[in-house]
Amino acid sequence: MDKLLINGGNRLSGEIAISGAKNAALPILCAGLLTASTLHLSNVPRLQDVATMLKLLRQMGLGIDQDGERIALTGNAIDRLEAPYEMVKTMRASILVLGPLLARFGEAKVSLPGGCAIGSRPVDQHIKGLQAMGAEITIEAGYIHARAKKLKGTRVVTDMITVTGTENLLMAATLADGETVLENAAREPEVGDLANLLVKMGAKIDGIGSDRLMIQGVSSLGGAEHAVIADRIETATFLCAVAAAGGDVTLKNARTDILDVALDKLREAGVVLTSGDGWIRVQMAARPKAVNFRTTEYPGFPTDMQAQFMALNCIADGSSRVTETIFENRFMHVQEMNRLGASIIIDGHTASVTGVEQLIGAPVMATDLRASASLVIAALAARGQTLIDRIYHLDRGYDRMEAKLSAAGADIKRVKA
Ligand code: EPU
């Protein structure tokens with residue numbers, strides 16, 4: 001297993017290019033199942049999760065032509081309507097094949113994802129929505145087996161806001177008979193990016209960006225060209241890295257209009273931000289100030305940035321309270337940060353952080369994707385050497401993170417197993 005070796009204390013400077021969003025690319029790749037024509041995608045991030053998704057889609061018979069960040073998908077020879085346990089257990093986003101397969105081919109068999117490091121993460125809302133659209137669904141031997149000659153448009157109100165649930169139902173609704181209304185829909189920009197691609201393919205969708213999506217089913221969808229939206233979580237992660245390590249960095253290919261709350265919190269922490277079309281400059285010369293926050297659905301504070309902001313709070317001037325409301329077990333980084341000298345106490349869904357002047361490097365273990373990123377940030381700010389184990393979590397969702405940081409002056413290198 002690869003590890004990351006980081007010598008903390010270097011200020012960061014220069015430019016970092018932001019990649020396409022993981023959480024937009026994954027559903028968008030699954031949209032390739034909805035058409036026999038070709039989707040020409042660009043700005044697809046180079047990630048392990050993308051590789052895993054492509055492997056799954058290839059097994060189903062999707063034609064895939066990949067050239068770096070460009071991928072062409074052709075769905076004219078899909079012959080396997082199944083996502084096996086071996087794939088789904090490594091990547092929960094595999095559930096996103098369920099809606100498209102069922103809508104286009106009338107059947108799908110997808111393994112139930114099972115447990116997850118950050119919470120129980122059931123998929124009952126995906127199932128509830130598809131059932132409301134007329135699908136017959138049984139759970140057999142750990143698999144969701146869904147059948148429907150033709151899905152029927154209807155009104156679906158999910159019990160809670162779910163990102164991949166909205167995406168699955170949205171894709172399914174594009175090929176259903178009549179109108180589907182998705183109430184309580186997730187408003188995350190990645191849902192909007194998928195919807196924009198679907199419209200280019202010929203789908204009829206109103207309300208994009210709102211919590212009420214209205215989809216008029218069509219009989220078939222065609223090919224399209226699409227550039228995946230910039231990764232707002234990667235952007236905010238690098239902003240936190242500069243805020244923690246100090247320095248002056250310009251992020252390119254970034255979208256600042258989808259990061260409001262995170263940018264406000266960074267300003268509150270004392271970070272100087274300036275931005276223009278497609279770029280954002282971050283300058284930090286002082287110790288950060290502690291900031292309180294509570295994770296919520298978009299446009300609120302993203303759960304996918306909770307750990308990275310907590311790293312900042314660890315070295316901040318003052319005390320803070322961080323509340324996680326989306327996932328029930330997303331504080332796995334806390335014990336590792338405390339190994340670096342942080343002072344964090346957890347009480348239920350809230351972590352109380354007392355900022356310390358200096359973290360001190362130590363061996364730590366990455367437990368999930370965003371926890372890994374938070375440990376990198378803490379290590380960049382720490383005195384001495386930190387060795388982060390299990391960075392395969394990081395490789396799942398960050399495109400060449402150590403290369404980008406190292407080009408900006410960080411002392412970070414990958415230690416091969
Ligand atoms: N939930 C249910 N039933 C469902 C669906 C969701 O109870 O059928 C619950 C979940 O257990 C959770 C909450 O609803 O407590 C929200 O979960 P959601 O379905 O929105 O999460 P997701 O779609 O599985 C996506 C991202 C996550 C991100 C969350 C929240 C992708 C591929 N994944 O997951 O990304 O944290 O939305 O914004 O889009 C990450 O990138 O590190 C990551 C975990």
State the volume of the convex hull built on the alpha-carbon positions of segment 187-257, expressed per residue in Å³ and rounded to an integer. 83
Per residue of segment 64-76, in order, report the coupling 6.51 cos²θ - 1.76 cosθ + 1.60 (Karplus, θ = phi - 60°) as ³J(HN,Hα) in whole Hz, putting x for Gly and Pro. 10, 10, 10, 9, x, 8, 10, 9, 10, 10, 10, x, 9
Equivalent-ellipsoid semi-axes (√(5λ), Cα gyration tensor) for segment 178-297, whole Å, largest first? 36, 17, 8
Residues with amide H under 5 Å of ILE144's amide H, sequence separation 5 or more or different chain, H placed in the peptide plane at 1.01 Å from N; which? VAL110, SER111, LEU112
FRET efficiency for ASP159 and ALA417 from the Cβ-Cβ distance with R0 = 60 Å, rounded to 0.05, comes out at 0.90
Report, in degrees rounded to the nearest 10, the 0 to 90 angle that the Cα long axis of helix 189-200 makes with the longest principal axis of the chain. 30
Looking at the chain only, what percent of DSSP beta bridges run antiparallel? Nearest 5 please. 70
So what is the 222 nm mean residue ellipticity for the chain from helices alone, if each DSSP H run of at least 4 adds -39500 (n - 2.57) and you divide by all residues, rounding to the nearest 500 deg cm²/dmol? -9000 deg cm²/dmol
Rounded to two decimals, what is Rg over Rh for segment 13-79 when you use alpha-carbon atoms and the Kirkwood radius? 1.03
Based only on Cα atoms, what Rg/Rh ratio does segment 50-115 have, Rh being taken as Kirkwood's radius? 0.96
Between segment 134-188 and segment 346-417, the alpha-carbon center distance in angstrom: 37
Taking every eigenvalue of the Cα gyration tensor of the chain, multiplying by 5 and rooting it, what semi-axes result, largest first, whole Å? 38, 21, 20
Short version: what are the Cα gyration tensor semi-axes of segment 288-353, square root of 5 times each eigenvalue, largest first, in whole Å? 18, 13, 10
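Using a 10 Å cut-off on Cβ atoms, rank the peptides 132-145, 18-31, 212-225, 320-333 from the highest mean neighbour count down. Mind dumping the intermediate values first?
Working: 132-145: 15.6, 18-31: 26.4, 212-225: 17.4, 320-333: 19.9.
Output ranking for 132-145, 18-31, 212-225, 320-333: 18-31, 320-333, 212-225, 132-145.
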Compute the distance in nm between two label points, each set 7 Å from the Cα along the Cα-to-Cβ direction, one at LYS252 and one at GLU15. 0.3
Take ARG212, project a point 7 Å from its Cα along the Cβ direction, then tell me which residues of segment 154-194 have their backbone nitrogen under 12 Å from it. 181-185
With all protein chains present, segment 1-103 has a carbon and sulfur share of its accessible area (1.4 Å probe) in percent of 42
Suppose R0 equals 30 Å; then what is the FRET efficiency for GLU107 and ARG70 from their Cβ-Cβ distance, rounded to the nearest 0.05? 0.45
Could you tell me which of rounded, prolate or oblate describes segment 265-305, using a ≥ b ≥ c as the square roots of the eigenvalues of the alpha-carbon gyration tensor, with rounded for a/c under 1.5 and, failing that, prolate when a/b is larger than b/c and oblate otherwise? oblate
Based on the Kirkwood radius over alpha-carbon pairs, what is the Stokes-Einstein translational diffusion coefficient of segment 240-366 at 20 °C with 1.002 mPa s viscosity, in µm²/s? 143
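Which entries of LYS200/LYS252; LYS265/LYS416; LYS55/LYS128; LYS55/LYS404 show an alpha-carbon separation above 31 angstrom in the structure shown?
Beyond 31 Å between Cα atoms: LYS265/LYS416.
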Taking r as the C-beta separation of LYS55 and ALA77 and R0 as 22 Å, the FRET efficiency to the nearest 0.05 is 0.85
So how do SER37, SER111 rank on accessible area, 1.4 Å probe, biggest first, that is with the largest at the start? SER37, SER111
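With a 1.4 Å probe and all protein chains kept in place, how do MET171, MET365 rank by accessible area, largest first?
Details: MET171 0, MET365 65 Å².
Per-residue accessible area, sorted high to low, gives MET365, MET171.
Can you give the Rg to Rh ratio of segment 38-190, both from alpha-carbon atoms, with Rh computed by the Kirkwood formula?
0.95
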A student applying the Cα gyration tensor rule (rounded when a/c is under 1.5; otherwise prolate if a/b is larger than b/c, oblate if not) would label segment 102-189 oblate
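Ordered by packing density, taken as the mean number of other Cβ atoms within 10 Å over each peptide's residues, highest first, how do 41-47, 99-105 rank?
99-105, 41-47
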Between LYS289 and residues 5 or more places away or on another chain, which pairs have amide H atoms under 5 Å apart, with H built 1.01 Å from N, and which residues are they? GLY270, ASP317
Roughly to the nearest percent, how much of the accessible area of segment 236-364 is carbon and sulfur, given a 1.4 Å probe? 47
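The values are calculated or read from the model by the stated rules, or taken from the named source; none is laboratory data. Please read these numbers as outputs of a predicted model, since none were measured by experiment. Counting neighbours? That spans all protein chains shown, and the Cβs are built from the backbone with ideal geometry, glycine included. The protein model used for the area step is the full one, side chains on, heavy atoms only, and it has no ligands, DNA or RNA in it. Shrake-Rupley method; radii C 1.70, N 1.55, O 1.52, S 1.80 Å.
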